[in-house]
1. Kindly indicate the residue of segment 1-44 that is assigned to a strand (DSSP E or B) and among the polar types (S, T, N, Q) and also farthest from the chain's Cα centre (by Cα) among those meeting that condition.
2. Here is a check on your reading of the model: is F19 within 28 Å of R93 (Cα to Cα), out of contact with any Leu (no Cβ under 6 Å at 6 or more places or on another chain), in contact (Cβ under 8 Å) with a residue 40 or more places away in the chain and of a type in the set (A, V, I, L, M, F, W, C)?
3. If S47 meets every condition in (1) surrounded by 14 or more Cβ atoms within 10 Å (Cβ to Cβ); (2) outside any helix (DSSP H, G or I) apart from one, which number is that one?
4. Out of the residues in segment 74-114 that are small (G, A, S) and modelled with pLDDT of 60 or more, state the one that is surrounded by the most Cβ atoms within 10 Å (Cβ to Cβ).
5. When the residues of segment 30-44 are filtered to those that are surrounded by 12 or more Cβ atoms within 10 Å (Cβ to Cβ) and at pLDDT 90 or above, which remaining residue is farthest from E94 (Cα to Cα)?
6. Hey, M89 hits all of (1) free of Cβ contacts under 8 Å to residues at least 60 places away in the same chain; (2) under 16 Å from D36 (Cα atoms) but one; which does it fall short on?
Amino acid sequence: MKAKIQSIHFDADQKLLDFIQSKLDKVAQNSVDIIDAEVMLRLDNNSNAENKVVEIKLIIPGNDLFAKKQCKSFEEATDQVVDALKTQMRKYREKFKSTNGRGTKLAATENDEY
């Protein structure tokens, strides 16, 4: 999967772009549901050292997953965003498994009375 990476008001070097792409490739290996990924990199205008912001939106069928983190470096922020997205994907899969794929709950379980 080729991610769309945008850096706002600065030019990201190729090493950073490759790092982000490799992280997203690892996420995509564990999920066949991902259609596309959009990444936004920007510098926050504050005096705080943690002014690097990474936003990633994963487009999946029926829903989009989004995470945003602000850290001292883009690499650190990317790691945290990817971890947050992995958690969201795990929850999404659990929710999807508890339904029949159409948004409705599965039929009665063995403990339910008819």
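1. Only one residue fits best here, namely S7.
2. Working: within 28 Å of R93 (Cα to Cα): yes; out of contact with any Leu (no Cβ under 6 Å at 6 or more places or on another chain): yes; in contact (Cβ under 8 Å) with a residue 40 or more places away in the chain: yes; of a type in the set (A, V, I, L, M, F, W, C): yes.
When the stated conditions are applied, F19 passes them.
3. S47 satisfies every listed condition except (1).
4. Result: A77.
5. That would be L43.
6. Every listed condition holds for M89 apart from (1).
The values are calculated or read from the model by the stated rules, or taken from the named source; none is laboratory data. Remember, it's a predicted structure, so these values are computed and weren't measured experimentally. Positions of Cβ are generated from backbone atoms using ideal geometry, with glycine treated the same way; all protein chains shown enter the neighbour counts.
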